[in-house]
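Notes follow once the structure below has been shown.
The values are calculated or read from the model by the stated rules, or taken from the named source; none is laboratory data. Here the structure is a predicted model, which means the values were calculated and not measured. Because the Cβ atoms are built from the backbone with ideal geometry, glycine has one as well, and the counts that use them run over all protein chains shown. The protein model used for the area step is the full one, side chains on, heavy atoms only, and it has no ligands, DNA or RNA in it. Shrake-Rupley method; radii C 1.70, N 1.55, O 1.52, S 1.80 Å.
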Amino acid sequence: MRRNGLERPWNGMQITTWVLLPVLLIQFGLFVTPILPFAVSIPCTIVFGVLGFLSAYFGYLTSVTDPIDEKLCKHNGIQPSSYSTVSEVPCGVLCCLFPPPSSKTQASHHHHAEKKTPTKAKRVKGGKESPDSAETFADNHASSHVKNLSTESGDHEEDDEDSKYCWVCETRVQEHSMHCKYCNKCVGGFDHHCQWLNTCVGKANYPYFFRTVVYTFVFVTAHLLCILAIIIFYFLEDSSFEEGGIHRRANNWLGVFDNVGNIIVGINIAFLSLNVISFVLLAQLLLFHLELKREKLTTYAYIVRDGVRRRDQARESSNIRSRRIVSIQEAKDAKQNWRVLHLKWGKCVGEVWPSCDPIRTNQNLPSEIEGSTRTSGNNASMSTSLGEA
């Protein structure tokens, strides 16, 4: 069972994110910051650095937060926490700045909690226990034990109603939990398994994941706009035969190299292409999750609903195709050429204008054909026989 996205095994997409973010930050500092005007360069660099930090920070929180199902967590005797225990963490700045709570910290909290438990019997003067206090403690302990048993039995009945059994985890889990084959555990409020972070996204870490998408999108957008501005002004100044600020700073890069403006711009164009691809993918992902939040759906629920919709559409298309073949054959037998042309015309324009298709609007259909299409079994046998013919 993988507790978080930083545990092995790592995948290629996850390692790509670890490499790509520092590369973008370095590229901005070397090939964008020195080229921009000083009044713009400092604010843009600060904003870009903050956005990169926020993207990495919330991505880290998404990875280390364990979205395991609560019932499975109790079944395995795992201490629930906002962060999961990281057993294998790659060396990095984020892991040093934002370490998950260690086992020593949890043990100290547990030790303090034990200190706060009441003593079994009060002592009176002379160091002897008071019989009344001992009897009172015994009565309270017995009543609390009975109460706990009744509460546990009641909770167990309620859990059975709002839970389901996972044959892989071999325990009951929450109704909206799903088992992830990559992490080998049931995830509470399962949304999806993110390959870029190599972790499951569920109810516990979805807010962190959504913030990661938002800040990464803004981060890439800011990078794209800055590079695009440099490229545009570089060629505008060059074409007007004026040694403007951007053109001059690009050719005299960092005050060390001369006449390297074309090389600097070429590097920026390469990263611009990368940013355009990233911008399109992140925009699509962000819009998708905004729509999910509006409809109050998870990614998994959306996929299930979309699968049902596609099956319904395929079933409806099969019904329409079968009914059209039967109707055309009947029209030919009755020598109704205009009817045959109408049915064939409806096939061509029916997807765009359903009202022009007599099959879709059930115009003049034989009653036996309508009755047969309402039953899935009859419809399946009809389509099979017609397909063989």
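Key figures
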{"read-out": "Check on Asn319, outside the structural domain of Asn252 (by the TED database), touching a residue at least 12 places away in the same chain (Cβ under 8 Å), part of a helix (DSSP H, G or I) and surrounded by 12 or more Cβ atoms within 10 Å (Cβ to Cβ)", "value": "yes"}
{"read-out": "Residue that is open to solvent by 40 Å² or more (accessible area, probe 1.4 Å), modelled with pLDDT under 95 and under 29 Å from Leu51 (Cα atoms), where the choices are Leu290, Leu254, Leu236", "value": "Leu254"}
{"read-out": "Qualifying positions in region 199-227 - without any contact (Cβ under 8 Å) to a residue 60 or more places away in the chain and of a type in the set (A, V, I, L, M)", "value": "Leu224, Leu225"}
{"read-out": "Qualifying positions in region 181-198 - out of contact with any Pro (no Cβ under 9 Å at 6 or more places or on another chain), over 19 Å from Trp18 (Cβ atoms) and either among the acidic types (Asp, Glu) or free of Cβ contacts under 8 Å to residues at least 60 places away in the same chain (or both)", "value": "Lys181"}
{"read-out": "Region 333-385, residues that are at pLDDT below 50 and touching a Ser or Thr at 6+ places or on another chain (Cβ under 6 Å)", "value": "Asn378, Asn379, Met382, Ser383"}
{"read-out": "Which listed residue, of Ser355, Ser327, is out of contact with any Pro (no Cβ under 7 Å at 6 or more places or on another chain), more than 30 Å from Leu20 (Cβ to Cβ) and touching a residue at least 24 places away in the same chain (Cβ under 8 Å)", "value": "Ser327"}
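Residue by residue, here is whether (1) free of Cβ contacts under 8 Å to residues at least 40 places away in the same chain; (2) hydrophobic (A, V, I, L, M, F, W, C) holds:
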| residue | (1), (2) |
| --- | --- |
| Gly261 | yes, no |
| Ser273 | yes, no |
| Leu285 | no, yes |
| Gly307 | yes, no |
| Arg310 | yes, no |
| Ala314 | yes, yes |
| Gln336 | yes, no |
| Val340 | yes, yes |
| Gly350 | yes, no |
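Residues are listed down the side, and each one gets a yes or a no for (1) within 24 Å of Val265 (Cβ to Cβ); (2) open to solvent by 60 Å² or more (accessible area, probe 1.4 Å); (3) assigned to a helix (DSSP H, G or I); (4) of a type in the set (A, V, I, L, M, F, W, C):
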position	(1), (2), (3), (4)
Trp10	no, yes, no, yes
Trp18	no, yes, yes, yes
Val47	yes, yes, yes, yes
Gly59	no, no, yes, no
